[in-house]
Each structure stands twice: as C-alpha cells, then as structure tokens.
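Throughout, read-outs are computed from the coordinates displayed, never taken from laboratory work. Note that the structure is predicted; figures quoted are calculated from it, not measured. Ideal geometry is used to build each Cβ from the backbone, glycine not excepted, and the neighbour counts take in all protein chains shown.
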Amino acid sequence: MNEPASTISTIYTGWHTYQTRLTTALTSLSSEQLALRAAPNLRSIGKIATHMIGARARWFMMEEDDEALVVFATWDRSEMTTRSATELIDGLEATWQAMQAAIAGWTPSHWQWTAPGEEPDEPALITRSWVIWHLIEHDLHHGGEIALILGLHGLAAPDL
C-alpha cells in the first residue's frame with residue numbers, strides 16, 4: 001500500500017471522529033431508548049451497536065491473535081444478553097483501541113496478509129486493506145441506522 005501518509009491519516013482521523021460522535025450519541029441513552037427501532041422487524045439501536053462491536057472483533061480476530069477481542073466476538077448473537085449504553089460504549093472503545101493498535105503495528109509485510117473469502121459478498125481473496133474498508137463502510141452504514149432511529153423518535157441524532 002503506497003498511499004501518502006496524509007491520505008491514510010485523514011481517513012483514520014475521519015473514522016475516529018465518527019467513532020467519537022457515535023459513542024457520544026449512545027452515552028445518555030436509557031435501556032428503553034436503546035430498544036427503539038425504525039420498524040418492528042428491524043434491529044434496535046442496542047442490537048445495531050452490538051452488531052458493530054461483534055463484527056469488528058470477528059474481523060480483527062481473523063487476522064490478529066488478540067485475546068482482548070474474543071469477549072466481543074459474540075456480542076451480536078441472538079442468545080446474548082441486552083447491553084447497557086455503558087457496555088456498548090466500552091465495547092466500541094475496546095474494539096476501536098484494539099483495531100487501531102493492530103493497524104499501527106503492521107509492517108509492510110503484515111500488509112501482505114491474505115485469506116480466502118468465504119461469503120458471497122466477500123472478494124475471493126481478502127486483504128488487510130479490504131478488511132479496514134469493510135469495517136469503515138460497516139460502521140458508516142450501521143451508525144447511519146442509529147442516527148436515523150434516534151431522529152425518527154425525536155431524539156438528538158449525531159452528525160454522522
């Protein structure tokens with residue numbers, strides 16, 4: 001990856017700003033507000049946030065041997081308990097820190113890591129760059145859902 005350092009820095013700074021705005025929006029939500037949905041058949045705010053946490057953990061566990069992420073990898077499974085706003089923020093922060101620490105430690109040879117894609121919507125060969133982009137787009141998509149749900153219910157929505 002021969003991207004100029006300023007481009008990479010801008011992308012990570014923007015992602016971090018997004019992370020901060022998302023966690024700030026969740027900070028004051030009650031358990032009733034975390035249960036809000038856009039429609040009865042769609043995920044609640046809390047379920048969306050746990051899905052974001054679980055996806056981050058699973059994608060980085062796939063390529064990193066990070067025991068700190070193991071606890072978060074199943075947070076979005078149907079049998080898991082409902083999480084409080086504090087737990088969701090802790091999960092978002094912990095996965096954020098683990099991802100950023102891993103990325104900061106990658107050498108040029110680490111960037112060469114690949115794995116075969118297994119799902120129909122994945123490329124045939126997964127790279128670290130693809131994983132990062134996938135998680136950025138995943139965060140953007142689901143954070144947007146959270147902002148929409150908050151706005152639909154007359155609550156302050158973050159400027160995402």
**Complete:** With 0.36 nm assigned to each residue of separation and the Cα-Cα distance removed, Thr127 to Ser28 gains 31.9 nm
**Asked** Which of Thr114, Trp59, Ser78 sits farthest toward the positive end of the charge dipole of the chain, with +1 on the Cβ of Lys and Arg and -1 on the Cβ of Asp and Glu?
**Response** Ser78
**Prompt:** About its Cα centre, what dipole magnitude does the range 72-137 give when the only charges are +1 on Lys and Arg Cβ and -1 on Asp and Glu Cβ, stated in debye to the nearest 20?
**Reply:** 260 debye
**Message:** Test of understanding: extend the Cα→C-beta vector of Ile11 to 7 Å, then name every residue of the range 77-108 with backbone N under 16 Å from that spot.
**Reply:** 99-108
**Message:** Between the range 80-106 and the range 109-160, how far is it from one alpha carbon centroid to the other, in angstrom?
**Reply:** 14 Å
**the chain, dipole about Cα centre (Lys/Arg Cβ +1, Asp/Glu Cβ -1), debye to the nearest 20** = 420 debye
**Request:** Using per-residue counts of other Cβ atoms within 10 Å, averaged over each peptide, order 81-89, 45-53, 108-116, 27-35 from highest down.
**Result:** 45-53, 81-89, 27-35, 108-116
**Prompt:** Amide H to amide H under 5 Å from Ile126: which residues, 5+ apart in sequence or cross-chain, H placed 1.01 Å off N in plane?
**Reply:** Ala115, Gly117
**Complete:** Proxy exposure order for Arg128, Arg77 (fewest C-beta within 10 Å first) is Arg77, Arg128
**Message:** Taking 4 °C and 1.567 mPa s as the conditions, I'd like the Stokes-Einstein D for the range 69-160 in µm²/s, using the Kirkwood hydrodynamic radius from alpha carbon pairs.
**Reply:** 82 µm²/s
**Request:** Principal axes first, then extents: for the Cα atoms of the chain, list largest minus smallest coordinate on each axis, whole Å, largest first.
**Result:** 47, 35, 28
